[in-house]
1. Would you kindly derive the ³J(HN,Hα) couplings of segment 264-272 from the backbone phi angles with the Karplus curve 6.51 cos²θ - 1.76 cosθ + 1.60 (θ = phi - 60°), listing them in order in whole Hz, with x for Gly and Pro?
2. In whole Å, what is the distance between the alpha-carbon centres of segment 89-158 and segment 195-258?
3. How long are the semi-axes of the equivalent ellipsoid of segment 123-168, defined as square roots of 5 times the Cα gyration tensor eigenvalues? Whole Å, largest first.
4. Taking amide H atoms as placed 1.01 Å from N in the peptide plane, list the residues 5 or more away in sequence, or in a different chain, whose amide H sits under 5 Å from that of residue 113.
5. With the convex hull built on the Cα atoms of segment 209-265, state its orientation-averaged projected area in nm².
6. Arrange the peptides 102-114, 217-229, 263-275 so that the one whose residues have, on average, the most other Cβ atoms within 10 Å appears first.
7. At 7 Å along Cα-to-Cβ for each site, give me the label-to-label distance between residue 238 and residue 92 in nm.
8. Once the Cβ-Cβ distance between residue 55 and residue 274 is put in as r, and R0 is 51 Å, what FRET efficiency do you end up with, to the nearest 0.05?
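What follows draws every value from the coordinates through simple rules; no lab data is involved. The model shown is predicted, which means the values in this text are computed figures rather than measured ones. Every residue, glycine as well, gets a Cβ built from its backbone with ideal geometry; the counts of neighbours run over all protein chains shown.
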Amino acid sequence: MKRIIIGLFIFMSFMVMHEASADVGKMLATREEIRERGLTKEIAELIHFVEFYNTEKPEDDGSTIIGVLEHTFDFSKNNDGSVMAYVYAGGAYSIDGESGVYRSLDIYFDTHMSLDKNSSSLFQGFSKLIEIYGLEFVDTSLVENMSGMFSGCINLINLDLGHFNTSKVTNMSQMFSGCKSLKNLNISSFNTSRSMGMASMFYDCESLTSLDLKHFNTENVLDMSKMFSNTVNLENLNLSEFKTNKVTDMSFMFSNTTKLTKLDLNSFDTSNVEDMSYMFNSANKDNNLIELLIGNM
């Protein structure tokens, strides 16, 4: 009887391991691995749209014109074809006075696809990127590093991350840094309980006018330097539940937030902060900040 039970346990363990390895095959490669497979900085700078499809690439039956296929990439972690990407040159497009043929990066996977635990800089430098579609199909539950994920996407206007599972993420620094055109950002589902790094997270997000971060759990964050620096059009910022007792660096945190009229920092505990230099530098240069509420600082 014991032999049967042991044999069954070994079989079940093998099946679980096999299933886990299959899931790993449907994992997006890291940015570095993707670059090594040919998605160079020059190609990334041409892409206007990224689309995720949770299905195998459909056969071209001539009924639709997707565009001219320019590049094909294997984006799977295991380089086994389970996640394929195609760059198409589509129709004419113009933005900010610049016109030309837009490029679309279409990523196809069958049923399920996860992001790698190191997904830092995944879309970094996609300087013409306007929109990302299908993010609701992407599983982020394994991701630990999202630093610089959308950094430098200077033309990205809308970003809906409402389906992102960030429960394991420890680094969110520079995640949206340099997203100068970003107007609509949904991060309402973010679980930040493990995050230790938020430095420059929203740095240079010049088009954001409102950020409600009252749901952010910041009890483990160590670095908040430049977190909101240069958000020059930010008028509303809710940090009412921020716990900052472990933070050591708040330098330039609110630097150049020139349109803020009220800033409630009553929940802030700065007992462990070592650097607060230029924390409010130029924050009130236009005399807009008329109410600053400070707690244990």
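1. 9, 10, 4, 7, 6, 10, 9, 5, 10
2. So the separation of the two Cα centres works out to 23 Å.
3. 20, 13, 7
4. Residues meeting the criterion, in which the H sits 1.01 Å from N, are 139.
5. 3.4
6. Final packing ranking: 217-229, 102-114, 263-275.
7. 4.5
8. 0.50
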